[in-house]
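Visitor: Just passing along the structure, written as structure tokens.
Every read-out reported here was derived from the displayed coordinates using simple, explicitly stated rules and does not represent laboratory data. Not measured: the values here are computed from a predicted model. Reconstructed Cβ throughout: ideal geometry from the backbone, glycine too, with neighbour counts over all protein chains shown.
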Amino acid sequence: MNNAVALAYKKRKPSIDFLLLFSVKEIEKEQLLATIKENPLILTAQWRFETVMMTVYVKT
């Protein structure tokens, strides 16, 4: 995920969508968001459609 975020930052893309092909439990969902938000290039991240898709907004 970090490589995708770095590439999006380099290409000045405002966001990236990640489609998860596995289920994520509620506690894992929050832990994953917290971990992702630690990346200094990420403005914020949020789940869409419960735990199926995550959108990561990149600092531009």
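This table checks each residue for (1) assigned to a loop (DSSP other than H, G, I, E, B); (2) within 12 Å of the chain's Cα centre (by Cα); (3) at negative phi; (4) surrounded by 12 or more Cβ atoms within 10 Å (Cβ to Cβ).
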site: A8; (1), (2), (3), (4): no, yes, yes, yes
site: K13; (1), (2), (3), (4): yes, no, yes, yes
site: I16; (1), (2), (3), (4): no, yes, yes, yes
site: I27; (1), (2), (3), (4): no, no, yes, no
site: T35; (1), (2), (3), (4): no, yes, yes, no
site: A45; (1), (2), (3), (4): no, yes, yes, yes
site: T55; (1), (2), (3), (4): no, yes, yes, yes
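Visitor: Give the residues of region 36-47 that are touching a residue at least 24 places away in the same chain (Cβ under 8 Å) and closer than 16 Å to V24 by Cβ, sorted by residue number.
Guide: Residue satisfying the conditions is I36 alone.
Visitor: Okay, next question. N39 fails exactly one of the following numbered conditions: (1) of a type outside the set (K, R); (2) surrounded by 12 or more Cβ atoms within 10 Å (Cβ to Cβ); (3) under 12 Å from the mean Cα position of the chain (by Cα); (4) assigned to a helix (DSSP H, G or I). What is the number of that condition?
Guide: Checking N39 against (1) of a type outside the set (K, R); (2) surrounded by 12 or more Cβ atoms within 10 Å (Cβ to Cβ); (3) under 12 Å from the mean Cα position of the chain (by Cα); (4) assigned to a helix (DSSP H, G or I), the one that fails is (4).
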